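What follows is one structure encoded as structure tokens, with my remarks underneath.
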Amino acid sequence: MRQTCAPKGRPAVSPAVWRSALAVTAPAGVGLGVGRPAEGVMVAMGALSAVLTDVAAAYRHRAITMLLPQLLGAAGAFAMLAAEGRWFAPGVLPALGVVAGVLAALGVEGSLGAMILLMDAEVAMDLPLPGPLWWPPALMLLGGLSVVGLALAGRPFFRGRAERALLAQCLTECAAVLAPDAAGPAGTARRRALHDVLERARHTGSVGGSVLLARHLPGLLALAETASSAGARGLVADPALVGRLRAEAGRVAAGRAVAGRPGAGGAWPPGHGPLDARLVRAARAAVAPGPGPTGSAGLRAGLSPGRRRAVVRAVLADPRSWQGGLRVGAALLLAGAAAAHWDLRHPYWAVLNVTFVCRPEVGPVTGRALERFCGTALGLLGSGLALALVPACAGPDGALLVLLAVLALAAGLVPALSGTGYLYQAAALATVVLMATQLAGDPGLPLLLPNLASCAIGCLAAVLAGELFGPRHRHPVVARRLAGAVEQAALALTPRHPRTAAPAPYRPGAAVSTATAPHLQLAAARAEFERVRREPPWRQGATARWAALIDEVERTVDTALAPAVPADHRHFDATRHHLHRLATDLHRLATRP
């Protein structure tokens, strides 16, 4: 409980905060003004669903993560309304849950789409409106598209700023790894931060198809490989080169260092040895790459359509994806049946909590369910105080204005608290839902205990389905990632073998597929391990051993890829043999039940 409730950061005020406050509050206020509060609340809930997907910084990536989930949500709402009153109506939501569980296996973007698919379907089921079937989905889609439009409105003015910020952060982290004080635990933390930001930049470029990232990322990956390996070995780089990297990071962030101007910042420091020469070569390719892909070729630089189809086919053919979908469907069925058995008002709140908890990319359901319940209780406590005190202090005329102000504050806190912890974001979400219910004409104070009971039912159903019916252990996933990192490190040693090929000149395209892949695999393994830390106490016994194993694999990979290694072929043979044996042990650990 102490670890769950501890805030992980400070609230961040960003443009997403103002977008959320405006897009959620304005429809509710307009609906009250024209005497149609239910329609206004429906538009506000659609805007809230788009706010929950506003997680990307780059505009291309933002369009994918926000627009596609809104279309899925409209389809889910229409399916629920079309099935109402039919004999198969009770099975529509569990069937959508199975589809959502399979979609969530596609990654972060698929998980966001699955969440909005279920959320909009549940809202449409609980808030029926008179009129044709397409009217409620159209209202929610209108609210979602308003947030999408506001999120993409700055693209003509700030195009490429997010990508440049990512590239500048990569350069800054490379300089931090090469700094003289990067030794011991501080150096390890800096190398991990470098690998994590590289993985974020790679994912943004592959999903959003950014031409800028496609041109700069190969050189950055090679620079990061050299810098990380040198830092792990304690090798000292030229301080002038480290300062030049920091200066180039500022130029990239400001948009002054662009492709085609290789000499914009003057001559690079010559350095004092082979390490500095490699660093200068990689830094030049990272800051001022060659022509690279342009136009439609740049959009295919991350994942080509054929590769995307192959990924989708692999997910559909994987039985674990369908097992995850069946768990979500079973949790929805359990929560809906329990809410109907106890005849709770607004039974969709129970299944809505299942929707928020069952997201595989955010970790085990037990930790997230605990955060969801504690956050909901905190939000209901604050909302109840507001609903009890506002009419007495402001009077009946000013109460609606104050409640709109509370709704705007809570809606703005939803994106602001995303980095603080899900517990606090869940508190803001509970406040938004209760305020919207009050503004729609349903008194909120009598709904406090039913809402809390629905949250408990949804969280327990998610835990039962996710942990008892089919537990998904994260440790095999970590082992597979570590084994992939070790195999890629062994592959990266092959071109250096003196008996097979002479050292080839630096080629950015080759660097992506060989020497830099281990660090990206290690970053993914650490991300999986952070999710393991949030597993229930009965699975925490091996956490310390896995942390030690990750540290050992990181040291092994850094040593194997170090830029200064003996030129004896027996050293390469022994290193590759050790790496292959370690990969075999990790694969055996990954397949252990």
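The values are calculated or read from the model by the stated rules, or taken from the named source; none is laboratory data. Since this is a predicted model, take the numbers as computed values, not measurements. Neighbour counts run over all protein chains shown; Cβ positions are idealised from the backbone, glycine included. For accessibility, only protein heavy atoms count, side chains too; no ligands or nucleic acids. Shrake-Rupley method; radii C 1.70, N 1.55, O 1.52, S 1.80 Å.
Rounded to two decimals, what ratio of Rg to Rh does segment 43-93 give with C-alpha atoms and a Kirkwood Rh?
Rounded to two decimals, Rg/Rh equals 1.14.
Per-residue packing, averaged as other Cβ atoms within 10 Å, sorts the ranges 122-135, 140-153 into the order 140-153, 122-135, beginning with the highest. With only Cα atoms counted, segment 119-248 has Rg and Dmax values of 22.4, 72 Å.
Average 1/r across all pairs of distinct alpha carbons in segment 141-199, invert it, and you get the Kirkwood radius: 13.8 Å.
Converting phi to 3J(HN,Hα) with the Karplus coefficients 6.51, -1.76 and 1.60 and the offset θ = phi - 60°, segment 345-357 yields 6, 6, x, 5, 4, 5, 6, 5, 5, 4, 4, 6, 7 Hz in sequence order, with x at every glycine or proline.
Relative to one another, the C-alpha centroids of segment 57-78 and segment 344-372 are positioned 21 Å apart. Phi-derived couplings, Karplus 6.51 cos²θ - 1.76 cosθ + 1.60 at θ = phi - 60°, listed residue by residue for segment 130-137: x, x, x, 5, 7, 5, x, x Hz, with x used for Gly and Pro.
The C-alpha atoms of segment 1-56 occupy a region whose extents along the principal axes are 46, 26, 16 Å, arranged from largest to smallest.
Reported to the nearest whole Å, the Cα centre-to-centre distance from segment 158-173 to segment 88-152 is 33. Based on the Kirkwood approach, the hydrodynamic radius assigned to segment 1-120 is 16.2 Å, with every pair of different Cα atoms included.
Cα-based values for segment 317-450, radius of gyration first and Dmax second, are 16.8, 60 Å.
What the phi angles of segment 213-227 give under the Karplus curve with 6.51, -1.76 and 1.60, with θ = phi - 60°, is a coupling list of 5, 4, 7, 8, 5, x, x, 5, 5, 5, 4, 5, 4, 5, 5 Hz, glycine and proline written as x. Nonpolar atom fraction for segment 180-250, defined as the carbon and sulfur part of the 1.4 Å probe accessible area, stands at 60 percent. On segment 408-456, 75 percent of the accessible area sits on carbon and sulfur atoms, based on a 1.4 Å probe. Packing here is the average count of other Cβ atoms within 10 Å per residue, and on that basis the peptides 243-251, 426-434, highest first, run 426-434, 243-251.
Please give the peptides 82-89, 365-372 ranked by average Cβ packing (other Cβ atoms within 10 Å per residue), highest first, as a rough proxy for protection.
My ranking of the peptides, most packed first, is 365-372, 82-89.
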